[in-house]
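Peer 1: One structure coming up, written as structure tokens, with questions to follow.
The values are calculated or read from the model by the stated rules, or taken from the named source; none is laboratory data. All values derive from a computational prediction rather than experimental measurement. Virtual Cβ from ideal backbone geometry, glycine too; neighbours counted across all protein chains shown.
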Amino acid sequence: MAGHDDLVASDKKSSDADIPTFHAENLQNNIKIIYYSRTFLSIIGGVIAGILGFTSLTGFVFYFLVMAITSLGLAAKAKFSIHAYFDSWNRIILDGFLGGLMGLRNGVRFALH
């Protein structure tokens with residue numbers, strides 16, 4: 001992930017000294033890493049859920065557990081200084097969360113066939 005030194009612009013004006021400025025490419029790269037991580041782990045979680053026979057409510061609970069662990073892992077990778085790498089906490093907690101449900105569904109379908 002691109003760090004805070006890479007993201008914050010070196011020339012700050014006095015009016016926006018408290019507002020960090022992010023490089024678009026670094027922010028997009030960090031967001032892409034989140035999507036790839038969530039997609040990969042939702043597919044792996046779907047396969048594991050299918051092998052273990054988790055369906056219905058149990059499957060959703062397992063998915064939310066996997067996504068919570070993923071969010072915690074991503075925050076740990078960023079050393080819990082989320083604002084150094086992303087513009088908000090929502091990026092690391094919610095981005096890609098619902099999109100991974102398709103990976104979970106496809107993983108369960110693959111494991112059951």
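Peer 1: Could you check the range 49-76 and list, in sequence order, the residues that are of a type in the set (S, T, N, Q) and in a helix (DSSP H, G or I)?
Peer 2: Selection gives Ser56, Thr58, Thr70, Ser71.
Peer 1: Please find, within the range 26-82, the residue that is nearest to the chain's Cα centre (by Cα) out of those that are closer than 12 Å to Asp95 by Cβ and touching a residue at least 60 places away in the same chain (Cβ under 8 Å).
Peer 2: Ile34
Peer 1: In the range 77-86, how many are in a helix (DSSP H, G or I) and not small (Gly, Ala, Ser)?
Peer 2: The qualifying residues number 3.
Peer 1: Quickly run through the range 38-67 and pick out the residues that are within 29 Å of Asn26 (Cα to Cα) and in contact with a helix residue (DSSP H, G or I) (Cβ under 9 Å, 6 or more places away or on another chain).
Peer 2: Arg38, Thr39, Phe40, Leu41, Ser42, Ile43, Ile44, Gly45, Tyr63, Leu65, Val66, Met67, listed by residue number.
Peer 1: Is there a residue in the range 87-99 that is modelled with pLDDT of 85 or more and charged (D, E, K, R)?
Peer 2: no
Peer 1: Next up: Given the options Ile19, Ile31, name the one that is of a type in the set (Val, Ile, Thr), outside any helix (DSSP H, G or I) and at pLDDT below 85.
Peer 2: Of the residues listed, the single one that is of a type in the set (Val, Ile, Thr), outside any helix (DSSP H, G or I) and at pLDDT below 85 is Ile19.
Peer 1: Take the conditions at pLDDT below 85 and within 28 Å of Asn26 (Cα to Cα) and apply them to Ile82. Does it pass? Spell out the reasoning first.
Peer 2: Numbers: at pLDDT below 85: yes; within 28 Å of Asn26 (Cα to Cα): yes.
It is true that Ile82 is at pLDDT below 85 and within 28 Å of Asn26 (Cα to Cα).
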